[in-house]
Amino acid sequence: MTSQPPSGQTLPEPGVPVIRNINWGGLRTLYVKEVRRFFKVQLQTIWAPAVTTLMFLVIFTVALGGGGRMVSLQGHEIHFADFIAPGLIVMGMLNNAFANASFSLLVGKIQGNIVDYLMPPLSTSEVLAALVGGAVTRAFCVGGAVWLAMALWPGVHVAPAHLWAILWFGLLGSVFLALMGVLTSIWAEKFDHAAAVTNFVVSPLTLLSGTFYSVDRLAPTFEAISHANPFFYIISGFRYGFLGVADSPVVLGTAVILGLDVLLAVLCYTLIRKGWKLKS
């Protein structure tokens, strides 16, 4: 027995979308699901990364005798702790944005419930936006926790000089790593694959991007390599928000990261829409 549509209404043809605009209810539901997933284990997903990042600050400023060290940045002498603090904050944000986004689709494929992401009445762009939004939310939660810890730590000054730059480059960088995480979760078939991307791509690019040093002090060859690293522009722009000076022009950094965000978003959208490694 087939159900009949209400009087005066007709059923849409197969393949014709019923929700023709943005499905705000579904988008919000998936986003909230992603946020609740990492909030349920917030000691592991937010506070533990904050403590780990703070340990880097302690090691470099106390254990290695960096209390009186100064760093020259574009002709300005900056206290070493003040120099590395912004880089550590955004480094924690980037790593956790990637970790969050690289988990959702991958665990769905491994556990066999990937259909929960593919069957709901959500468009490809809505699924992608919810996954990226959840990762960016976790990144800003970690960044806020790290900033608070550093603000309370003696001898470190993390008062914002340009709040817009902090928010802007924090957002661009978090979206960049979230899209990298989504791409990894689409490609990976087991957790080892995602861990390999973390260990051999994300971590080296993060650590070799000027977080702990000014690229102006490097040899010309290594300085050129650093400028080819997109993480360098994220950290440089984020540091500008705290110190008012940066290793590279803020406009150039915005153009590079924004362009990469667009390219990765198009690539992720295309792969999810085609169901590459997601649909049997």
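Matching residues to (1) of a type in the set (Val, Ile, Thr); (2) modelled with pLDDT of 95 or more:
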| position | (1), (2) |
| --- | --- |
| 128 | no, yes |
| 132 | yes, yes |
| 137 | yes, yes |
| 153 | no, no |
| 168 | no, yes |
**Study point:** Meets criteria (more than 15 Å from the chain's Cα centre (by Cα), modelled with pLDDT of 90 or more, buried (at least 21 other Cβ atoms within 10 Å of the Cβ) and under 26 Å from residue 25 (Cβ atoms)) for residue 182
**Key:** no
Exercise for review: Out of 83, 98, report the one residue that is more than 18 Å from the chain's Cα centre (by Cα), aromatic (Phe, Trp, Tyr) and part of a helix (DSSP H, G or I).
Suggested key: 83
Exercise for review: Residues being of a type in the set (A, V, I, L, M), touching a Leu at 6+ places or on another chain (Cβ under 7 Å), surrounded by fewer than 20 Cβ atoms within 10 Å (Cβ to Cβ) and over 17 Å from residue 174 (Cβ atoms): count how many of those fall in segment 244-280.
Suggested key: 3
**Study point:** Any chance residue 53 is surrounded by 13 or more Cβ atoms within 10 Å (Cβ to Cβ), closer than 24 Å to residue 25 by Cα, within 26 Å of the chain's Cα centre (by Cα) and among the polar types (S, T, N, Q)
**Key:** no
Check your understanding: In segment 135-149, which residue that is surrounded by fewer than 21 Cβ atoms within 10 Å (Cβ to Cβ) and within 11 Å of the chain's Cα centre (by Cα) is nearest to residue 105 (Cα to Cα)?
Key -> 137
Check your understanding: Can you name every residue in segment 241-280 that is without any contact (Cβ under 8 Å) to a residue 12 or more places away in the chain and assigned to a helix (DSSP H, G or I)?
Key -> 251, 255, 259, 262, 263, 266, 270, 274
Exercise for review: Kindly list the number of the only condition in (1) assigned to a helix (DSSP H, G or I); (2) surrounded by fewer than 18 Cβ atoms within 10 Å (Cβ to Cβ); (3) touching a residue at least 60 places away in the same chain (Cβ under 8 Å); (4) among the aliphatic types (A, V, I, L, M) that fails for residue 159.
Suggested key: (1)
**Study point:** Residue within segment 213-225 that is within 21 Å of the chain's Cα centre (by Cα) and either surrounded by 20 or more Cβ atoms within 10 Å (Cβ to Cβ) or assigned to a helix (DSSP H, G or I) (or both) present
**Key:** no
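The values are calculated or read from the model by the stated rules, or taken from the named source; none is laboratory data. All values reported here derive from a predicted model rather than from experimental measurement. Neighbour counts run over all protein chains shown; Cβ positions are idealised from the backbone, glycine included.
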